[in-house]
Each structure stands twice: as C-alpha cells, then as structure tokens.
Amino acid sequence: MPDDVVIQKLTSIDRCLRAIRDYLGGDLSKLQEPIVLDAVVLNLQRACERRRMVGFRNVAIHEYRKLDPTVVRTVVEHRLGDFVALCRELSTSS
C-alpha cells in the first residue's frame with residue numbers, strides 16, 4: 001500500500017490529467033487557442049513536477065527554448081498514458 005505522500009501525488013497527477021482532457025474535450029485543435037495551450041501546459045507542468053520531468057518543465061516554465069505547441073500536442077496525444085502507467089505502478093507498489 002502506498003504511503004500518504006505517494007497517494008497525494010497520484011491524486012494530483014490524476015487531477016492534472018482530467019483537467020487537460022476537460023480543456024481539450026477530445027479536440028486537439030483547441031491547442032491553437034492560447035488560453036487552452038496555457039492551461040494544458042500548466043497542468044502538464046504540474047504533473048511533470050510530481051514525476052520530476054525536468055526537461056519539459058524547463059521548456060514550459062523557464063522558456064529555455066521557445067515552447068512549441070506541436071510538442072505540447074505530441075505529449076497530450078501520445079504520452080499522457082505514461083502518467084497513467086506510472087500512477088498505476090506506484091499505486092500497487094510499496
């Protein structure tokens with residue numbers, strides 16, 4: 001059974017993923033809207049901080065490189081499952 005800190009992080013990641021899905025409503029073209037892109041990036045950043053995905057966070061927050069909406073779309077379209085898999089693994093370990 002995971003400890004309370006792990007449970008809180010898993011809950012936070014899940015909340016971020018739900019928010020991303022809510023903002024997009026299944027329509028990735030909404031990432032062209034600056035406010036939706038900002039909201040998605042913010043929630044990805046929050047989820048990344050729980051996983052220490054520093055590279056994406058640095059681009060999103062510190063703008064070490066210009067944030068490319070195509071990269072955000074790729075993450076949303078193809079990599080959200082990584083968060084789900086990690087959460088599933090962490091919730092069954094410990």
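The values are calculated or read from the model by the stated rules, or taken from the named source; none is laboratory data. Just so it is clear, the model here is predicted, and its values are computed rather than measured. FYI the Cβ positions are ideal-geometry reconstructions off the backbone, even for glycines, and counts take in every protein chain you see.
Residues in the range 69-80 that are over 10 Å from the mean Cα position of the chain (by Cα) and without any contact (Cβ under 8 Å) to a residue 12 or more places away in the chain: THR70, THR74, HIS78.
Please go through the range 31-44 and give me each residue that is in a helix (DSSP H, G or I) and surrounded by fewer than 17 Cβ atoms within 10 Å (Cβ to Cβ), ordered by number. GLN32, PRO34, ILE35, ASP38, LEU42, listed by residue number. The set of residues in the range 45-94 being aliphatic (A, V, I, L, M), modelled with pLDDT of 70 or more and either assigned to a helix (DSSP H, G or I) or closer than 23 Å to ILE7 by Cβ (or both) consists of ALA47, VAL71, VAL72, VAL75, VAL76, LEU80, VAL84, ALA85, LEU86, LEU90. Looking only at residues in the range 7-30 that are of a type in the set (D, E, K, R) and assigned to a helix (DSSP H, G or I), the one that is modelled with the lowest pLDDT is LYS9. Residues in the range 21-48 that are over 16 Å from GLU77 (Cβ atoms) and among the small types (Gly, Ala, Ser): ALA39 only.
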